[in-house]
Structures are given as C-alpha cells and as structure tokens.
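Read the structure below first, then the notes.
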Amino acid sequence: MPACPDCGVITLETTRFCPSCGRDNQPMMHYQTNNQYQRTSAYSAPYAHEVPKRFDQIFGIDPRIAFLAFIVDLMLFGAAAATMGMDLPILIPLAIAAGIVLGRITYKAQMKWYGDDHDSATIKASIVGLLTAIPVGIPAIVWVPSGLLGLLHNARKKLSLPDRG
C-alpha cells in the first residue's frame, strides 16, 4: 500500500496527489509493514514444477523394506502358526518392539532411497510398524504388492535419469 512521505496517510491505491495534504506524489513510496509474520498474499499458486504423484509413489515402499518386513513378520509369527498361537503372549511385546524398529527403518529408507516426503514416509512407516506388530502373519499380502510397486517406481526413476557417461 502506498503511503504519503509528508503526512504518512496510507491509501489503497496509487494516486498522483495525496488525499490528505495534497502533495504531488508521482513516484509514491510504498508502505512496508514491520510485521514479519504477516502474509504477503492470501493465495499462493501451486508450484509450476510440481508433478502429481503416481500410483507407485503413493502406495509403494522400497523393495528392500518390503523384503525386510516380510522376513521379520515370517520370523515373528512363523512359529506362532506352527504352535497354533500358544506362544502369542510371549511374542506380542517382541512384535511391538520389532514394529517400532521396523517403522523407524522404513521412515529413513523411504526418505533416502524412495524419495518420499516427510508426510508420506511417516504414513508408510506407521503402516509398516503397525502391520508388523499385529500378531498374525497376514501382512505378507501387503508386502509383496507394495514391494512390486516399489520395483516399478525404482525402474521408472532409473529410466528417467539422464546418462552421465
């Protein structure tokens, strides 16, 4: 908003003469706010370089993490299936601890290897940790498709990179 240098009156639009003191304000200076937290505009357009996420980016996890989750789940609950659940009270605290550790590993791997942003990596890590802590061996239904989507995603990334040689 422009402000008159003589009287300091702020006007909504640039005018040649100040409505308060009548000064000729041809090059009227603009009023600067001191509020550092004030937004500069109410609307910010989406970034032009932002590309919508593909299906494999949204639902895929890195294949190495899918394999690790499958193996951990198999180790935790393979014996539970053989003993028909008799050792589940012993395995539940171990499964919860394994879920927390695997969730943290998944978060780091999704950020570094898969290229997820913080929110996507957090959601995927939470899902992996929760499914690992569930005392049943059914999450293998999730690991295989997610890992295959991760393979597809990694293949697309490698094909789209320019040759460096």
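The values are calculated or read from the model by the stated rules, or taken from the named source; none is laboratory data. All of these numbers come straight from a predicted model, not from anything done at the bench. Methodologically, a virtual Cβ is constructed for each residue, glycine included, from the backbone with ideal geometry; neighbour enumeration extends over all protein chains shown.
Being assigned to a helix (DSSP H, G or I) and out of contact with any Gly (no Cβ under 6 Å at 6 or more places or on another chain) is the filter here; which residues of segment 103-117 pass it? Hits for segment 103-117 are Arg104, Ile105, Thr106, Tyr107, Lys108, Ala109, Gln110, Met111, Lys112, Trp113, Tyr114. Applying a threshold of 6 Å to beta carbon distances and a minimum spacing of six or more residues, or different chains, the list of pairs starting in segment 94-112 at a residue that is assigned by TED's automatic domain parsing to the domain that holds Ala125 and ending at one that is surrounded by 13 or more Cβ atoms within 10 Å (Cβ to Cβ) and basic (Lys, Arg) reads Gln110/Lys124. When Leu76, Leu88 are screened for being modelled with pLDDT of 75 or more and surrounded by 10 or more Cβ atoms within 10 Å (Cβ to Cβ), only Leu76 passes. Filtering segment 109-120 for residues that are polar (S, T, N, Q) and under 15 Å from Phe55 (Cα atoms) leaves a non-empty set.
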